[in-house]
Amino acid sequence: MNNYPDTKDIKIYDNFFTYKIQTEIIELLDRPKWSFSAGSPDQRFWGMDDLEQEEYFSDFLFKILCRKLEKNFKIKRIYANGQTAGQSGTPHKDDGDWTFLYYPNSQWNTNDNGSLFFLEKIKSTGISEIIHTVSYKPNRGILFPAKIYHYADAPNIQYKGLRISLAFKMIEIDS
């Protein structure tokens, strides 16, 4: 018998936003607000924090997100992560009840890697086992319980751009 988290709560949504909105998101994330401060101290990558302070993300996008997911949430945080080749994430849980990750990149090749891995972390040994993988795909959204350990794989060394994920950390509220 295993003690794996319930992966049935991991939901994948392809073509989440319209092309127009996807393009707007890319344009808004293509500005000099990035800092090399995300991740853990020994594995840094790019981040853009405090997007919950911007109406486009906290009002416009968030309303669409709640409507499409058919759930009521309260925003805890909204931010973007950016990874270049070699900048892999580290296994972690998120704050809040739910996380919605959105992949805005307009193009991505499967060979570029960048998948999202979900893990079972065995407390007695500290060893993690991958229990579910979601490929990076443009305009894809992933909703999952914040308590599930996960991390993002780095892009392939040949990929010269930035693997971007837009993260909505949320608390579920009653209707």
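The values are calculated or read from the model by the stated rules, or taken from the named source; none is laboratory data. Owing to the predicted nature of the structure, the values given are computational and were not obtained by experimental measurement. Here the Cβ is made from the backbone with ideal geometry for all residues, glycine too, and neighbour counts use every protein chain on show. SASA here: full protein model, heavy atoms, side chains in, ligands and nucleic acids out. Shrake-Rupley method; radii C 1.70, N 1.55, O 1.52, S 1.80 Å.
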| query | Can you give the relative contact order of the chain as a percent, counting alpha carbon pairs under 8 Å and 6+ residues apart? | reply | 32 percent
| query | Round to a whole number: what % of the accessible area of the range 55-159 belongs to carbon and sulfur, probe 1.4 Å? | reply | 46 percent
| Taking the Cα centre of the chain as the origin, how large is its charge dipole in debye, to the nearest 20, when only Lys and Arg (+1) and Asp and Glu (-1) carry charge on their Cβ atoms? | 180 debye
| field | Rg in Å to one decimal, and Dmax rounded to a whole Å, for the chain via C-alpha atoms | value | 15.7, 49
| task | Distance check, please: which entries in LYS74/LYS137; LYS8/LYS160; LYS33/LYS121; LYS68/LYS123; LYS71/LYS123; LYS63/LYS121 exceed 30 angstrom between their Cα atoms? | result | LYS8/LYS160; LYS33/LYS121; LYS68/LYS123; LYS71/LYS123; LYS63/LYS121
| When ligands, DNA and RNA are left out and all protein chains stay put, how many square angstrom of accessible area per residue does the chain have with a 1.4 Å probe? | 54 Å²
